[in-house]
Amino acid sequence: MIGHKSWGCYMQVQIISKAAWTNQRVDQPESGIKLSEDSVVLVDIDPNQIKTIEYVGNKVIITLKNGDVLEIDNFIPEQSSLVFRTEEQSFYYDLKTVEYVNLDKIEPLLYSDSKFSGLPYLWPIVTALGIVAFAGIANSNSDTNQPQA
């Protein structure tokens, strides 16, 4: 995680595009964040360190118990998602119900109709097919190299 001298805690913030599935780390989140597309805002901080989360206009204002503030501008709850992550688990913060929801992975929050969306799920299949194909080739080569009886 990134330590911010002006902040009393360590945190990392990432912006993940819901459409393209691209990830961008925010180097200075204490300066504020401005979203330019539908995104998942992933904040590596324990929700127990959060004092309040407010939604004013199109801005999310997260105030930590130590007084530090993180502002996310152009945040529209129907288009973007706020996720907090610890080493043990992740939490989706629902601005409408004002509660944390346990989250196993962020992929369900991303758009599935993206041209990139299938790639993370295809890697295990492609890898498994490659292993099976390699095993088949190795097996057929070992059969042809056996001495004839």
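The values are calculated or read from the model by the stated rules, or taken from the named source; none is laboratory data. Keep in mind that this is a model prediction, so the values were computed, not measured. A quick note on method: Cβ atoms are made from the backbone with ideal geometry, for glycine too, and the neighbour counts reach across all protein chains shown. Calculation scope for accessible area: heavy atoms of the full protein, side chains included, ligands and nucleic acids excluded. Shrake-Rupley method; radii C 1.70, N 1.55, O 1.52, S 1.80 Å.
Below are the figures for this structure:
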read-out: Members of segment 12-40 found to be open to solvent by 50 Å² or more (accessible area, probe 1.4 Å) and under 11 Å from Phe75 (Cβ atoms), listed by number; value: Lys34
read-out: Selection within segment 8-42 - outside any loop (DSSP other than H, G, I, E, B), out of contact with any helix residue (DSSP H, G or I) (no Cβ under 9 Å at 6 or more places or on another chain) and of a type in the set (S, T, N, Q); value: Gln14, Ser17, Asn23, Gln24, Ser31, Ser39
read-out: Among (1) free of Cβ contacts under 8 Å to residues at least 40 places away in the same chain; (2) more than 18 Å from Tyr92 (Cβ to Cβ); (3) open to solvent by less than 30 Å² (accessible area, probe 1.4 Å), the one test that Val56 misses; value: (3)
read-out: Selection from segment 93-109 of residues that are farther than 19 Å from Ile16 by Cα and polar (S, T, N, Q); value: Thr97
read-out: Every residue from segment 42-55 that is under 29 Å from Trp21 (Cβ atoms) and of a type outside the set (D, E, K, R); value: Leu42, Val43, Ile45, Pro47, Gln49, Ile50, Ile53, Tyr55
read-out: Residues being assigned to a loop (DSSP other than H, G, I, E, B) and open to solvent by less than 50 Å² (accessible area, probe 1.4 Å) - total across segment 77-116; value: 7
read-out: Residue among Leu35, Leu64 that alone is modelled with pLDDT of 95 or more and either more than 15 Å from Leu103 (Cβ to Cβ) or not polar (S, T, N, Q) (or both); value: Leu35
